[in-house]
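Readers should treat all values here as calculations from the given coordinates under stated rules, not as data from a laboratory. Just so it is clear, the model here is predicted, and its values are computed rather than measured. Using ideal geometry, Cβ is built from the backbone for each residue, glycine included, and neighbour counts are taken over all protein chains shown.
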Amino acid sequence: MNTAKHHQIWQRREDQDGLVWLALDVPDSATNTLTTDVLDALEQRISELESIPAKGLVLYSAKDNGFIAGADINVFRETHTEDELFSLIRQVQQLFNRIEALPFPTLAMIHGFCLGGGLELALACDYRIAADDDNTRIGLPEVRLGIHPGYGGSVRLIEKLGVMSAMPLMLSGRLLSGRSAAKAGVIDEAVSIRQLRRAAKDRLLNRPTKQRPPRWQALLNTALLRPAVAFLLRRETAKRAQIEHYPAPFALIDVWKNQPSLREDYFAAEARSVAQLLLSDGAQNLVRLFFLRQRLKGLGKLKTPPVTHVHVIGAGVMGGDIAAWCALQGLRVTLQDQTAHQLAPAIKRAQILFKKTLKLPHKVQAAMDRLIPDAEGLGVKQADVVIEAIFENLEAKQSLYQRLEPQLRPDTLLATNTSSIALETLATCLENPERLVGLHFFNPVSKMQLVEVVNGKATAAEWRDRAMAFVVQIDRLPLTVKSAPGFLINRILMPYLLEAVTLAQEGVALERIDKAAKDYGMPMGPIELADTVGLDICQSVADILAGELGLEVPPLLAQLLEQGRLGKKSGHGFYRYDKQNKTIRHRSGSGNTLSSEQIQYRLMLRMFNECAACLNDGIVSDAELLDAGMVFGSGFAPFRGGPVHAMQSKGIADCTEQLKQFSHQYGERFLPHPGWRALS
Ligand code: NAI
């Protein structure tokens, strides 16, 4: 790359106080990342600065959305050997060391995103200050990609904060606002965005003392105490992540515990550990998902008018939470139910969510002001989007649509959150069936990132595009799916859930069934999932799918329902629950000792078989999207990269062979679906 281009990437300016200002502005990109070009250009700038008598250096970003969003992950995908990766990482470390060694004070002036490698660069500066506003997000989220900080970030953060303050931030990958980052000591100061430049200048010209950890924290860093501290950190981490599935946090603790006495060797050990992790299947799969998430987001990046007002009808479990989520994202929301009385629980839940997320009372109040109880449905006429989330009942929904349609503005999107009724059937009562789109949110709305955007036969592309863009606008991930029973996620989950019920019926202990799934990497066992969703809902979705797809529904489900056992909501489903909804331990099963491996195979192969069927039926357009959908919509083991990827890693021939064997042993439900052929 030529010098002129380099100079465009890091634009240099000197002021009358002798301070050098380097503004990062990656060409042709809305966001700054540490691409090879950015690092080369930075190296060139640092070489220039090493030979001039500057008074200080400020690194900042010329982009509106933030400082630096992290390393360029593409580079890691394209590099294949451990030694190559190690040397790439070392080069960046050495560049950051040169910044640290500059003969004048340096400062990172942060606004917006300052993540991963971006924060590692900032940590190599003497000072860090950031904007105290809603957009600033600072952190080292590398563990979410199956790695840990590698550009010297773990070494420097521990030096600055002490191990007990730095490790939890890196082990959780948590992001902080400017104010919280200042409180934690990650940055020196958070100031209003208007005062950033002034504050940067003051700091460089006055050079206040740099941060140090408290003495007791420094003591914990001694070779004598490190093993004991590492033991405690590992024990805490193991409560949240299994080492076989998520080795990165454990590797980070080990790098710290075994740190060589020379700082330079410690940097090298950090780089070596990241190079090794990057080549592991887990990290490769998490990186793959990172790109799949981008792909989903990209699907909704369309030029459609932005939504400012949403009207939600039905303030139950789903409607209430959808309304709260939209208000949290800054939209004006009117929420309608049959009576004002029925709105109250949803408003209360919303307040809890706002308090938990927004913390500051004035922000909570502003979000509450955006969420307007509207029992009369006055908001319908003004809304850009109307989302129907009333009972799952065709007549009820259609009679509502008939009253609703004449009141809608011609440009208002009409969406339904139905989980099982075909859009084609719902739309028969509409004058304009082309504007009805399914927006299938998952429960709980604030945790599940995916929204299935359901296309009926009559749905027009223009309305579908609006729905996709709306989902991205409210910070969820849209996935277009065909209007078919169970859409994608519920259809794939149902055979897996029913196999778990069959296993329970055969006398396998409930805890063993759940443990087998969790050992595979599922966030929750299928029995617990069925109790959480509600056994009545499971039964009704299973019945619909049974009719359409020929699923066998094990009688145990109906037997439990006859006894009034609905799951968590009734205090008793498969498990019993106390008042706090915690499982009450009891012995279950009749001593069936089927091996854990067999339990796991039976559960997962039923799920995989349905994935093959969905691809065959064109429920989603490709296998990558199916993988993304299952991870972001059901929590499918992210480190496995999605079910299709997991099937391919295990070997398609192996899977179908095992299915055939099970079909002899347990029945036709295990017969490999013809869709597998397309995968081999
Ligand atoms: P819910 O029973 O908790 O709430 C339904 C609400 O709609 C009630 O508050 C009811 O008073 C209100 N309602 C009924 N008729 C109405 C009308 N004509 N006008 C105004 N309000 C009316 O139901 P839930 O679970 O929230 O489900 C709602 C929709 O979301 C259903 O279509 C369901 O299939 C779907 N869904 C449910 C999921 C879940 O996990 N519960 C997940 C995804 C979709």
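Between L19 and K55, the built amide H atoms are under 5 Å apart, and every one of these is 5 or more places off in sequence or on another chain.
Under the simplified labelling scheme, the E562-K348 pair shows an inter-label distance of 3.6 nm, with each label point 7 Å from Cα along Cα→Cβ.
Packing here is the average count of other Cβ atoms within 10 Å per residue, and on that basis the peptides 664-670, 419-425, highest first, run 419-425, 664-670. Any aspartates and glutamates with Cα under 14 Å of the K5 Cα? List them, leaving off those in the same chain fewer than 8 positions away. Candidates past the 8-residue exclusion: D25, D28, D37, D40, E43.
Straight-distance candidates among the aspartates and glutamates for linking to K568, with alpha-carbon spacing under 19 Å and chain neighbours fewer than 8 residues away dropped: D321, E511, D514, E528, D531, D536, D578. Could you calculate, for the chain, the ratio of the Cα radius of gyration to the Kirkwood radius, expressed as Rg to Rh? When Rh is taken as the Kirkwood radius, the ratio is 0.99. Between A366 and H80, the contour length at 0.36 nm per residue exceeds the alpha carbon distance by 98.0 nm.
Label positions at T36 and Q195, each projected 7 Å from the Cα along the C-beta direction, are separated by 4.4 nm. Cross-link reach is defined here as a Cα-Cα straight distance under 19 Å, omitting same-chain residues fewer than 8 places apart; for K257 the lysines meeting it are K160.
So how much slack lies between T425 and N206, counting 0.36 nm per residue of separation and subtracting their Cα-Cα distance, in nm?
Between T425 and N206, full extension yields an extra 71.7 nm.
Using alpha-carbon pairs under 8 Å, 6+ residues apart, how would you state the relative contact order of region 1-149 in percent?
Computed value for region 1-149: 22 percent relative contact order.
Taking a point 7 Å out from the Cα of R263 in the direction of its Cβ, the residues of region 66-101 whose backbone N falls within less than 16 Å of it are 93-101. Only lysine pairs 8 or more places apart, or on different chains, with alpha-carbon atoms under 27 angstrom apart are counted in region 358-467, and they number 6.
Between N65 and E14, the contour length at 0.36 nm per residue exceeds the alpha carbon distance by 16.0 nm.
For the chain, the longest principal axis of the alpha carbon atoms and the long axis of helix 82-100 meet at an angle near 50°.
Toward the positive end of the charge dipole of region 56-131, with +1 on the Cβ of Lys and Arg and -1 on the Cβ of Asp and Glu, the farthest Cα among T79, L121, N65 is that of N65. Sequence-distant contacts, meaning Cα pairs under 8 Å at least 6 residues apart, place the relative contact order of region 60-218 at 24 percent.
Just need the relative contact order of the chain here, percent rounded to a whole number, with Cα pairs under 8 Å and 6+ apart.
It rounds to 9 percent for the chain.
Projected label points at S588 and R215, each 7 Å from Cα along the beta carbon direction, are separated by 5.5 nanometres. With a Förster radius of 41 Å applied to the C-beta separation of Q382 and Q94, the computed FRET efficiency comes to 0.10.
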